[in-house]
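*Asks:* Take this structure first; my questions come after.
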Amino acid sequence: MVDHSYADLSLAALYDSLNPWGPGDDFYLDLVMSAGSVLDVGCGTGQLLRRARGDGHGGRLMGLDPAAAMLVQARRGGPGVEWVLGDLRSRLWHGNDFDLVLMTGHTFQVLLGDEELRAALTAVRAALRATGRFVFETRNPAARAWEGWTPDRTHEVPGADGSAVRVRCEVLGPPVGDRVTFTETFEGPSWDLPRVSRATLRFLGPERLAGFLTDAGLTVVEQYGDWARGPVTAGSPEIITVARPA
């Protein structure tokens, strides 16, 4: 599923400013550097794979994203990486392609429907070698992060021309089941009118995550509640899952 805000070149250029390198990126970079071949699903601007190649990763690195504007950013700074436009259904996977498949940046949460999620996980299983790992994170629904996504929490990031872009988020009503819909509004001097994107995320708890993974032939081997590898609790911000082929 494409986040339509990042199909816009001007917004895709803001992505790295909106999502600066942090502890989660360090967590994933360690995994990438220890794997011979890596598929990053929903790679965005590719900063993780670009950093890995720059740090000396010599194996196969593939970034997959359905937003062409994001891959424009990735290709500007990522030689030696395979940048592929599309989603997990864009390729025929052969069961021995990758040692590691990742979904970073809460990409997993844009898989909204049960069938869409099952198809994606089946493709992940098909892309993994028998000894491979699938690692991803989702926001812990018990922590109710969306309650802090309020318009009063406006922040600024530098735009491509150096001017400040103001960003604010607003949740549209209460959750519907396990789904939360919200808008992000971007305002800056380069635009006559604000740019507004609308998105929906799915919040699944550990048990339901494990059920979907099992159905796809994957089994959970580790779960963490934060990037320091703490346990998953009601207050943990994340559910970081490491799975292997069953």
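*Asks:* Does the stretch 51-132 come out rounded, prolate or oblate by the C-alpha gyration tensor, with a ≥ b ≥ c the root eigenvalues, rounded set by a/c under 1.5 and, if not, prolate when a/b is larger than b/c and oblate if not?
*Replies:* Values: a/c = 2.01, a/b = 1.27, b/c = 1.58.
It comes out oblate by the Cα gyration axes.
*Asks:* In addition: How much of the accessible area of the chain, in percent, comes from carbon and sulfur atoms when a 1.4 Å probe is used?
*Replies:* Details: 5840 of 11290 Å².
It is 52 percent, rounded to a whole number.
*Asks:* When all protein chains stay in place, what accessible area (Å², nearest 10, 1.4 Å probe) is found for M62?
*Replies:* 0
*Asks:* Here's another thing I want to ask about it. Sum up the charges of everything whose Cβ sits under 12 Å from the Cβ of L85, counting Lys and Arg as +1 and Asp and Glu as -1, but leave L85 out. Walk me through the numbers before you get to the answer.
*Replies:* Values: positive: R75, R91; negative: D65, E82, D87.
That works out to -1.
*Asks:* If you don't mind, there's one more thing I want to ask. Which value at 222 nm does the chain reach when only helices count, each DSSP H run of 4 or more adding -39,500 (n - 2.57), with the total divided by all residues and rounded to the nearest 500 deg cm²/dmol? Each step should come with its number before you reach the end.
*Replies:* On the way: 7 runs with 61 residues, N = 246.
Estimated from H runs of four or more residues: -7000 deg cm²/dmol.
*Asks:* Consider the candidate values [x] 44, 27, 16; [y] 29, 19, 17; [z] 28, 23, 16; state which one is semi-axes √(5λ) of the Cα gyration tensor in Å computed from the structure displayed.
*Replies:* [z]
*Asks:* What relative contact order, as a whole-number percentage, does the chain give when Cα pairs under 8 Å and 6 or more residues apart are counted? Numbers along the way, then the final one.
*Replies:* Working: 497 pairs, mean separation 43.2, N = 246.
Relative contact order comes out at 18 percent.
*Asks:* For the stretch 1-89, count all C-alpha to C-alpha pairs, find those more than 19 Å apart, and express that count as a whole percent of the total. Before the final figure, lay out each step's value.
*Replies:* Working: 1358 of 3916 pairs.
Pairs farther apart than 19 Å: 35 percent.
*Asks:* Now for a different question. Would you please put 200-210, 43-53 in order of how densely packed they are, using the mean number of other Cβ atoms within 10 angstrom per residue and starting with the highest?
*Replies:* Working: 200-210: 17.0, 43-53: 23.9.
By packing density, highest mean first, the sequence is 43-53, 200-210.
The values are calculated or read from the model by the stated rules, or taken from the named source; none is laboratory data. As the structure is a computational prediction, the values presented were derived from the model and not from experiment. No Cβ is skipped: glycine too gets one built from the backbone with ideal geometry, and neighbour counts run over all protein chains shown. The protein model used for the area step is the full one, side chains on, heavy atoms only, and it has no ligands, DNA or RNA in it. Shrake-Rupley method; radii C 1.70, N 1.55, O 1.52, S 1.80 Å.
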